[in-house]
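This report refers to the structure that appears directly beneath it.
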């Protein structure tokens, strides 16, 4: 898989060593051909980290971590593990030139939370690649170390309408998972991929910036039943 190391350093969330690896020529059917940025622990295989809870270094306080009973859809034993092992084999060089990525759309945090990485790293990527669009998601709004600038390039991930309303009150756009897409706030729309199959690369709404609507998506993945059992009864929109 074509890729390169974008950054290595200590997680802002736990202080553990982490790495950002960019891959391209993606065949992801939902996102389309976007540059995929993976945020991984530097010394622990991702599927092992998920089981032990060490994934807090790259996922922070996300309530969808499997180790805390969450419903994360990412299969860490697939792409994240493959990329981690390639990184440990020395298959990726540190990125020096962004020439081949110029103008390409970018997905921050294909795995991992972008807030684990300093904002300036992402700003540097944007300045160098000058992407056609970016998407990204963070669950770290309530973390004491949260850099509000992150909300300009990432959606704030939330689980309930009440959480969404809190974020909206702070001026943030949200990406809300739900078990009931009939329950939508006035400033939300259902993800265009859910309604009409539009790929992220052709949509671009999930960049966090501006006055665009917030997004709601039907819960999905092998662990979706965990979300339903925990949040289903509080998905009611109260206006």
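All of the numbers you see were taken from the coordinates with simple rules; none came from a lab. All values derive from a computational prediction rather than experimental measurement. Please note: Cβ atoms are built from the backbone with ideal geometry, for glycine as well, and neighbour counts cover all protein chains shown.
For the criterion of being in contact (Cβ under 8 Å) with a residue 60 or more places away in the chain, surrounded by fewer than 21 Cβ atoms within 10 Å (Cβ to Cβ) and in a helix (DSSP H, G or I), residue 67 fails. The residue list 92, 84 contains one member that is part of a loop (DSSP other than H, G, I, E, B), in contact (Cβ under 8 Å) with a residue 24 or more places away in the chain and within 24 Å of residue 125 (Cα to Cα), which is 92.
Of all the criteria given as (1) closer than 27 Å to residue 57 by Cα; (2) over 18 Å from the mean Cα position of the chain (by Cα); (3) surrounded by fewer than 20 Cβ atoms within 10 Å (Cβ to Cβ); (4) touching a residue at least 12 places away in the same chain (Cβ under 8 Å), the one not satisfied by residue 179 is (1). Considering only segment 182-204, state which residues are in contact with a strand residue (DSSP E or B) (Cβ under 9 Å, 6 or more places away or on another chain), free of Cβ contacts under 8 Å to residues at least 24 places away in the same chain and either farther than 24 Å from residue 112 by Cα or in a loop (DSSP other than H, G, I, E, B) (or both). Passing the criteria: only 195.
Take the conditions buried (at least 16 other Cβ atoms within 10 Å of the Cβ), without any contact (Cβ under 8 Å) to a residue 60 or more places away in the chain, part of a loop (DSSP other than H, G, I, E, B) and in contact with a strand residue (DSSP E or B) (Cβ under 6 Å, 6 or more places away or on another chain) and apply them to residue 216. Does it pass? So residue 216 fails the test. Pick out the one residue from 39, 18 that is touching a residue at least 12 places away in the same chain (Cβ under 8 Å), under 16 Å from the mean Cα position of the chain (by Cα) and farther than 28 Å from residue 197 by Cβ. None of the other options fit; the residue is 18.
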